[in-house]
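**Q** Structure incoming, see below.
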Amino acid sequence: MTPRPVLSVDFGTTKTYFSKCPAEDPSPVSVDFGDGRDGLLTAILYRDGKDPLIGQTALDEFGEATTGERAGLRLVTNFKPEIALSGEARTAATDYLAAVLAEAGRQRLDVDPSVRQVLFGVPSEADDGYRAALKRVAEAAGYGTPEFVDEPKGALLYHLKQREISVDQALGGVLVVDFGGGTCDFALLEGGRVTHSWGDMLLGGRLFDDLFHQWLLDQNPGLEEDLKARGASYFVGTYLCREAKEFFSRSQARDRTTAVSKVFPRYGRFTDLTWEEFVERGTHYSPSRLIRQAFGAGAGNTLSDGERDLFLWFRKSLTEGLRSKGIANERITIVILSGGSSLWPFVPDILKEELPHLEDQAILRSDRPYAVISMGISVLPALKRKFARVRDALREELPVFIDEEIRPLLESRCALVEDRIVAWSRATIFQQGVGPVLERFRAKGGSLSSLRKELKKQVTLREADLRKTIGDALPLLLSGLRGEARELLAEWFSAHGIALPKRDFPLSADPAQRSDTILSTRAIGVEGMFDALQTVLGGLLTAVTAVLSGGAGTALIASGPVGFVLGGVLGASIAYLLARYGKEKARTFVEDLNLPPAVAGLLIDEGRIAALQEELSTNLRAHLEERLAPTRSQLEGHIQNLVLDEMNALNEINSF
Amino acid sequence: MADRYTPFGLVEPGDRVTVEREPVLRDETVVSKGLVRRVRS
Ligand SMILES: Nc1ncnc2c1ncn2[C@@H]1O[C@H](COP(=O)(O)OP(=O)(O)OP(=O)(O)O)[C@@H](O)[C@H]1O
Ligand SMILES: [Mg+2]
């Protein structure tokens, strides 16, 4: 069966949001029912002899109606939480959802559930009874048999799709705050699943509408009676005050030092609303009679009168939930703010204060936080398919990526370190140490054994410096490497439309911070470097000794311009020694001979010195290369694991 | 009317309305719609 496009429904207490998404392409759109706002108010107005009205129109029409008109009207709101318990609520929900489809048809909006996979959001606390009731309601309203997705998961999926959360982050501890018009819900997701949820059924944006309504009446004495007389109380109290509230909130989000004024022609004015006064009023808020009546209409929830601190209320909903569920702050790595009321600037402030371990960019909020849940739900099937495709592609491309991108990068990084150490060794050990000793030997002469000692001393003398140089050069391997490798990975991942894992590279050059030792100076094997140096120097001396004691030596000495006489003596002596004591003794004897400068200069000529320097460099490099090879493959392994982890994470998302 | 004003509550053809907010127009196109309410007796 070819996958169908998706219709998702975030069926809310106050508002219901609809989104559509193609089957294969994770690009959801929110359905606009013509008022330019996302979503439809969850309200139905039954009218005698006429079709019911839904959405904002239903509420407004009822609010505006005269007492006479009201006789033929029945407004039902807040039915969503009751569908499992009350037949009346189920009927209202069914009629409402059916009327939405009818309205969509009238507006020629293409939302036809019969050709779509239909997904309904369910609150994380929802039990089987609620799910069963919602299934019945959706079927009866013409949506076919819906599938369910946890609402907070929708928020997570939305930001995942936006690439604001990486796949590995999505599997960590994500706190979703849904602060809407009527309620405030919290959920902790771990591994993409809701592990804890809690909320407050009374704390919502409409309390702030009420605050602004009271503020307006306080600033405009006599307005209340005036509005009542003109039948405009409802219009001003709900609509205009909510608009003023949102306007104030948006302006304060930009700048909390400016005062806001707003004139309603004929209905009074807001003058110089400041953040300070808003905070003062919110701290000492008492619900008006009007809003307490509105709450009374919803079943079960009553708002008592008396003063309360709205900010503290929000803060406590958060902290007491965390405490009672035993959730340590550190379990939370990402916070997603959803719901329209999370646009209040105090919301991220309070979260930052209560979760101080989070960096600013760990708190996410979209521009339209009220719409993210339905959009996120609708994107689920397409996102899963996409991630499955990406996972397969990553698996296939991984060897090539390592071969063509990572390996050359590591090679050039290692070469940089090798160059640095070899260059230092040439400049210091050779040019300042070994070189001058050899020159002095050429100039002054001496015994080979003392030359051997002297050369060894020159190398040992610089051991500490060499260690330091290596210690300084090693970070070169990592500096930049982390950034460059991340860049390569990011490029590769983004070519597949996914964000780079936020999980950091497990690489650090600071030995104190590392548990493994892939980059300790030990890895280089300083002792081995000395061995390499000594071997080369030893080789030089052996060769020189051989020249002195053997065939080629005789020729050299015989033909040498200065050493002719000496050659005769030496040649005879060595031949004698060889015959008398054997090779070993003869060598010791030769090494201890105090050679005159002429002979020394001949034995160790410029060419030999130059060759020695080259040989030293080559040997050092070979040693370093050999020693860095495991480090290199370990780094390669790290990067490979990062990709494998990502593939696993993508797999896990598939079980969402 | 409908393309220039949003109704507050239900407004049906023939209803008398008050204009609560004028639409904002730029070169004959609606930048933001106005708002009308039905006059109730
Ligand atoms: N910029 C803003 N600042 C503060 N509040 C805002 C802002 N924009 C919208 N709101 C408020 O957000 C609320 C609507 O949010 P949302 O649509 O998420 O709620 P809902 O889903 O209908 O409610 P619930 O989830 O409680 O059922 C309203 O109270 C609205 O006034
Ligand atoms: Mg909601």
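The values are calculated or read from the model by the stated rules, or taken from the named source; none is laboratory data. All values reported here derive from a predicted model rather than from experimental measurement. A quick note on method: Cβ atoms are made from the backbone with ideal geometry, for glycine too, and the neighbour counts reach across all protein chains shown. Quick note on the areas: whole protein, heavy atoms, side chains included, nothing else; ligands and nucleic acids left out. Shrake-Rupley method; radii C 1.70, N 1.55, O 1.52, S 1.80 Å.
**Q** Rolling a 1.4 angstrom probe over the protein heavy atoms, how many square angstrom per residue are accessible across chain A? List each step's numbers first, then the result.
**A** Working: 28880 Å² over 656 residues.
Per residue, chain A has 44 Å² of solvent-accessible surface.
**Q** Let me ask another. Would you work out the relative contact order for the stretch A:1-145, in percent, from Cα pairs under 8 angstrom that are 6 or more residues apart?
**A** Once divided by the residue count of the stretch A:1-145, the mean separation gives 25 percent.
**Q** Still on this structure: Determine ³J(HN,Hα), in whole Hz, for all residues of the stretch A:7-18 in sequence, where each value follows from phi through the Karplus function 6.51 cos²θ - 1.76 cosθ + 1.60 and θ = phi - 60°; x replaces Gly and Pro.
**A** With coefficients 6.51, -1.76 and 1.60, one gets 10, 10, 10, 9, 7, x, 5, 9, 9, 10, 10, 10 Hz.
**Q** Using a 10 angstrom cutoff on alpha carbons, build the Gaussian network for chain B and name the most mobile of B:VAL11, B:VAL19, B:VAL31.
**A** Between B:VAL11, B:VAL19, B:VAL31, it is B:VAL31 that shows the largest mean-square fluctuation.
**Q** In whole Hz and in residue order, list the ³J(HN,Hα) couplings for the stretch A:445-453 that follow from phi through the Karplus curve 6.51 cos²θ - 1.76 cosθ + 1.60, θ = phi - 60°; x for Gly and Pro.
**A** Coupling constants for the stretch A:445-453: x, x, 8, 5, 5, 6, 4, 4, 4 Hz.
**Q** If you don't mind, another one. Taking amide H positions as placed in the peptide plane 1.01 Å from N, state which residues far from A:ASP150 in sequence (5 or more) or on other chains have amide H under 5 Å from it.
**A** A:VAL122
**Q** Express the carbon and sulfur contribution to the solvent-accessible surface of the stretch A:205-365 as a percent, rounded to the nearest whole number, probe 1.4 angstrom.
**A** Working: 3760 of 7540 Å².
Roughly 50 percent, rounded to a whole number.
**Q** Indicate the residues belonging to the stretch A:211-259 that lose 50 Å² or more of solvent-accessible heavy-atom surface (probe 1.4 Å) upon moving from the chain alone to the assembly of all protein chains, ignoring ligands and nucleic acids.
**A** Listed in order, they are A:PHE235.
**Q** Another question, if that's okay. Between A and B, buried accessible area summed over both sides at probe 1.4 Å, in Å² to the nearest 100?
**A** Values: alone 29500 and 3520 Å², together 31700 Å².
About 1300 Å² of accessible surface is lost on pairing.
**Q** In addition: Provide A:THR258, A:THR618 ordered by accessible surface of protein heavy atoms (probe 1.4 Å), highest first. Please report the intermediate quantities before stating the final value.
**A** Details: A:THR258 60, A:THR618 85 Å².
Putting A:THR258, A:THR618 in descending order of accessible area: A:THR618, A:THR258.
**Q** Lysines near A:LYS468 by alpha-carbon distance under 30 Å, same-chain residues fewer than 8 away left out - which ones?
**A** A:LYS453, A:LYS456, A:LYS457
**Q** Going Cα to Cα from A:LYS384, which lysines come in below 28 Å? Please leave out same-chain ones fewer than 8 positions away.
**A** Correct list for A:LYS384: A:LYS15, A:LYS20, A:LYS135, A:LYS153, A:LYS161, A:LYS502.
**Q** Further, regarding this structure: Excluding A:ILE377 itself, calculate the net charge of residues whose Cβ lies under 10 Å from the Cβ of A:ILE377, where each Lys or Arg counts +1 and each Asp or Glu counts -1.
**A** -3
**Q** Tell me the GluC sites (Glu not before Pro) within the stretch A:53-112 that lie in a loop according to DSSP and have at most 13 other beta-carbon atoms within 10 Å.
**A** Hits after loop and neighbour filter: nothing returned.
**Q** Sticking with this structure for a sec: Convert each backbone phi in the stretch A:348-364 into a coupling constant with the Karplus relation 6.51 cos²θ - 1.76 cosθ + 1.60 (shift: θ = phi - 60°), then list the ³J(HN,Hα) values in order as whole Hz, x for Gly and Pro.
**A** x, 4, 5, 5, 5, 5, 7, 10, x, 6, 8, 7, 3, 6, 7, 10, 10
**Q** Return the percentage of antiparallel bridges among DSSP beta bridges fully within the protein assembly as shown, rounded to the nearest 5 %.
**A** Around 70 percent of the beta bridges assigned by DSSP in the protein assembly as shown are antiparallel ones.
**Q** Lys and Arg at +1, Asp and Glu at -1: add these up for the other residues within a Cβ distance under 11 Å of B:TYR5 and post the number.
**A** So the surrounding residues net to +1.
**Q** Accessible surface of A:LYS468 in the full protein assembly, 1.4 angstrom probe, to the nearest 10 Å²?
**A** Approximately 120 Å² of A:LYS468 is accessible to the 1.4 Å probe.
**Q** Okay, moving on. Skipping prolines and chain starts, which residues have an amide H placed within reach, meaning under 5 Å, of the one on A:VAL6, given they are 5 or more residues away or on another chain?
**A** The list, which skips near neighbours in sequence, is A:CYS21, A:ALA23, A:GLN117.
**Q** Okay, moving on. Give the accessible area for A:ASP32 in Å² (nearest 10); use a 1.4 Å probe, count only protein heavy atoms, and leave out ligands, DNA and RNA.
**A** 70
**Q** On to the next question. Can you give the net charge of the other residues whose Cβ lies under 11 Å from the Cβ of A:LEU202, counting K and R as +1 and D and E as -1?
**A** Within the 11 Å Cβ shell, the charges total +2.
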